[in-house]
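Undergrad: Please read through the structure below; I'll follow up with questions.
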């Protein structure tokens, strides 16, 4: 009995000698001596739109509190059809935080003819959407014969 008590006391005592209390939640202890480099990334919304597709209107249609639809009306001002239109967008909050990044696609046989108009609509999930920023437009997302489904 004395030996059991002695071993128990020894284990408890030795565990307390070499330990520090944990840091409070949310705080980290930096033990490195290296200086850390600040990394910042600036996003630009500049891209080259050589497709002839003109954005006429962009609308956010809320659906409840957790998302909605992005609706984009476009016109093809090019002299040839836009065979496979895809528009990539970022959906932003008031503070310019990204709620969702998404692609809207119009892909039908024949595409959008010159001077043709089209409406693209896609659902997103995310709170606080206030603005849609177009990040890329392409007419190269056309269906091929190898694809099983092309609307």
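Undergrad: Just checking, which of 102, 123 is under 17 Å from the mean Cα position of the chain (by Cα) and surrounded by fewer than 13 Cβ atoms within 10 Å (Cβ to Cβ)?
TA: 123
Undergrad: Follow-up question, since we're still on this one. Name the single residue that is surrounded by the most Cβ atoms within 10 Å (Cβ to Cβ) among those in the stretch 49-69 being more than 18 Å from the chain's Cα centre (by Cα) and assigned to a loop (DSSP other than H, G, I, E, B).
TA: Looking at residues that are more than 18 Å from the chain's Cα centre (by Cα) and assigned to a loop (DSSP other than H, G, I, E, B), I get 51.
Let's see how each residue does on (1) within 19 Å of residue 49 (Cβ to Cβ); (2) in a loop (DSSP other than H, G, I, E, B); (3) modelled with pLDDT of 90 or more:
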site	(1), (2), (3)
79	yes, yes, yes
87	yes, no, yes
95	no, yes, yes
100	no, no, yes
103	yes, no, yes
134	yes, no, yes
143	no, yes, no
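Undergrad: Given the conditions (1) over 14 Å from residue 58 (Cα atoms); (2) surrounded by fewer than 14 Cβ atoms within 10 Å (Cβ to Cβ); (3) more than 18 Å from the chain's Cα centre (by Cα), report the number of the one that residue 94 does not fulfil.
TA: All conditions are met except number (3).
Undergrad: While we're on this one: Is it the case that some residue within the stretch 138-151 is free of Cβ contacts under 8 Å to residues at least 24 places away in the same chain and within 23 Å of the chain's Cα centre (by Cα)?
TA: No, the stretch 138-151 contains no residue that is free of Cβ contacts under 8 Å to residues at least 24 places away in the same chain and within 23 Å of the chain's Cα centre (by Cα).
The values are calculated or read from the model by the stated rules, or taken from the named source; none is laboratory data. Bear in mind the structure is a predicted one, so any value in this text is a computation, not a measurement. Please note: Cβ atoms are built from the backbone with ideal geometry, for glycine as well, and neighbour counts cover all protein chains shown.
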